[in-house]
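The structure appears right after this line, and notes come after that.
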Amino acid sequence: MKIVTYNVNGLRHRISQYTSLRRLLDSLDADVICFQETKLSRHELRADLVRAEGYESFFSCTRTSDKGRSGYSGVATFCRVKSAFSSDEVALPVSAEEGFTGVLGNSPGFGSRKSECPSIVEGLEDFSTIELLKVDGEGRCIVTDHGHFVLFNVYGPRAGCDDAERIQFKLSFFSILQRRLESLLRQGRRVFVVGDLNIAPAAIDRCDAGPNFDKNEFRTWFRSLLVRNGGPFSDAFREKHPDRREAYTCWSTSSGAEEFNFGSRIDHILIAGPCLHENQNECHSFVNCHVEECDISEQFKRWKPGNTPRWKSGRNVKLEGSDHVPVYICLTGIPNIPLHNTPSLSSRYCPEVYGFQKTLVSMLERKQPAKDVSLSEGSSSMLEERLASKCCSQLMKRSLQSCSAPSSTLTKHEGLSSGNISEGFREKSSNDFNGTEELSKSFSTVESNKKTRKSQLSQLSLKSYFKKTVGVIDNSDSICADKKLNQAEMSSPLLEVNATLDEGAQHDAELQSEQGTSIQEDDSSQPSEKETNGLALVEWQRIQQFMQTSIPLCKGHKEPCVPRVVKKPGPNIGRRFYVCARAEGPASNSEANCGFFKWATSNSKGKR
């Protein structure tokens, strides 16, 4: 049996990368696949994102409405099964639960799961229901019971060192999680905790660990769970590879740290509980008896050996894939379990994916006649559109009849005597004509508004910035002098481009003259296309020269830096600065980022 944990950094992006959900799952080749950071809200669940043939899936989405948290986290567990009904496979869970506090046991939309969900965890009396709902409200855990063990798919919260609110949330999250785990262990259950916990437990698991690295409160909590420190859990990777260094699972995307393997190990598989053997002694443990291998799937790294360095190929190169890599564990000696069905939390029963089932009464219910429909809630506008459409069709029909039908037929049809038109008909025709004129005006207004919006949204070309407005007096002498001055300052490649553009413009003019097309000028003061192209090249050269002179060179490599803007709230928010353009790496590597930093200007503070 194989279990994989993988922070996908957006499930939609990974599915798009592999062209389908089935191909993404098959690439991991595992019986149980635990995804974190799916970034899916409940209303975004669709069959192509959550359902794949041969897999049962269980999702937890964020429920909070806090700013920046909607669709922010989310976890999903996929189980590969041969049969979803009456199966004895261990991969198919016996029961499933969203969250780990128990307060979401009867989640709306998934049906009642009171019989499947464990009771509210003992020892949580110190926490209010609001606190428990807040912990489970960000969609950070799915619990599946596989008979021989209970699997926690967890996405641990991230908290900055100066964000007191998130630090408190992270402390509450892991404190409540620990109490739930201890409750299951007291019941004699085996427990697996897999996922991105956002904690690097020791200095060996972090590229830039400082002297006070081990004193962090979250790292202290993590290490207290481990067997070597008296806790119940084993870090499966470190049990199999105790001394491996630079074994990282996550890298910074903004600094390109993956290029030099400058990351951290924050994705884990923790195991607690006895082995499955009947006769146990001191040498027996689940890791020693049933864990064949636990390792990092480095083939999923975005940066491959032989790639061109990012400072040579361009600073805006976007690597395809997640900023994490999967971690897997292979188990052996896991027997089958009794026959069981798919839990009701499965996405196959999710109404957000397949819609709500109609009852027999609703199908036989008599629909309300159209004449009883009120004009409330936007129906009045629909009725007005229908009346206007009907009016237009009747007027068109009458105009056609008046043009094609004989006068006697028209007179007979309208119930009028020949040569004598009643006053009522004249009044009606006049009203119809006025209504038609108003409709045509409104339609033309709508069309003009659409054209205006379309023209406003269309992308402007570089030449449009240099076109002269009508009515502005042109000083041709200054333009020519400025053009000559800037052409003298051009480098040879730009002159070649200018010559090519001039030849192209001349060729176009000759081609138009051959085809009999005359070139008209609106105003003698406006520059020709040839002059406009030249001005555009001159201005572009000015921009390039300004950028080269304003961007400093880093001290380590004497290369142009990259500009950044402070986005973190504080006294420097909006302030620009420059840093070395190379990827982040160890200080001992001269090819890595040299650590250069410089504020753009002291006057730019608060202007952006």
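The values are calculated or read from the model by the stated rules, or taken from the named source; none is laboratory data. These numbers were taken from a predicted model, which means no experiment stands behind them. No Cβ is skipped: glycine too gets one built from the backbone with ideal geometry, and neighbour counts run over all protein chains shown. What goes into the accessible areas is simple: the full protein's heavy atoms, side chains included, and nothing from ligands, DNA or RNA. Shrake-Rupley method; radii C 1.70, N 1.55, O 1.52, S 1.80 Å.
Structure above, values below:
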quantity: Net charge of Cβ neighbours under 11 Å - reference LYS598; Lys, Arg +1; Asp, Glu -1; calculated: +3
quantity: For the stretch 121-241: accessible area per residue (Å², 1.4 Å); calculated: 42 Å²
quantity: Estimated FRET transfer efficiency when R0 is 25 angstrom, pair HIS277-ALA202 (beta carbons, to 0.05); calculated: 0.20
quantity: Protein accessible area in the stretch 1-104, 1.4 Å probe - carbon and sulfur %; calculated: 44 percent
quantity: Per-peptide average of other Cβ atoms within 10 Å, ordering 304-310, 26-32 highest first; calculated: 26-32, 304-310
quantity: Where the stretch 13-60 is the region considered: accessible area per residue in Å², 1.4 Å probe; calculated: 39 Å²
quantity: Listed pairs LYS39/LYS215; LYS568/LYS598; LYS558/LYS598 exceeding 23 Å between Cα atoms; calculated: LYS39/LYS215
quantity: Using a Förster distance of 35 Å, the FRET efficiency for ALA587-ASP163 (Cβ separation, nearest 0.05); calculated: 0.80
quantity: Net +/- balance of residues flanking LEU553 in space, Cβ distance below 13 Å, scoring K and R +1, D and E -1; calculated: +3
quantity: DSSP-loop GluC sites (Glu not before Pro) across the stretch 1-55, with at most 14 other Cβ within 10 angstrom; calculated: GLU53
quantity: GluC sites (Glu not before Pro) restricted to DSSP loop in the stretch 123-220 with at most 11 other C-beta within 10 Å; calculated: GLU125
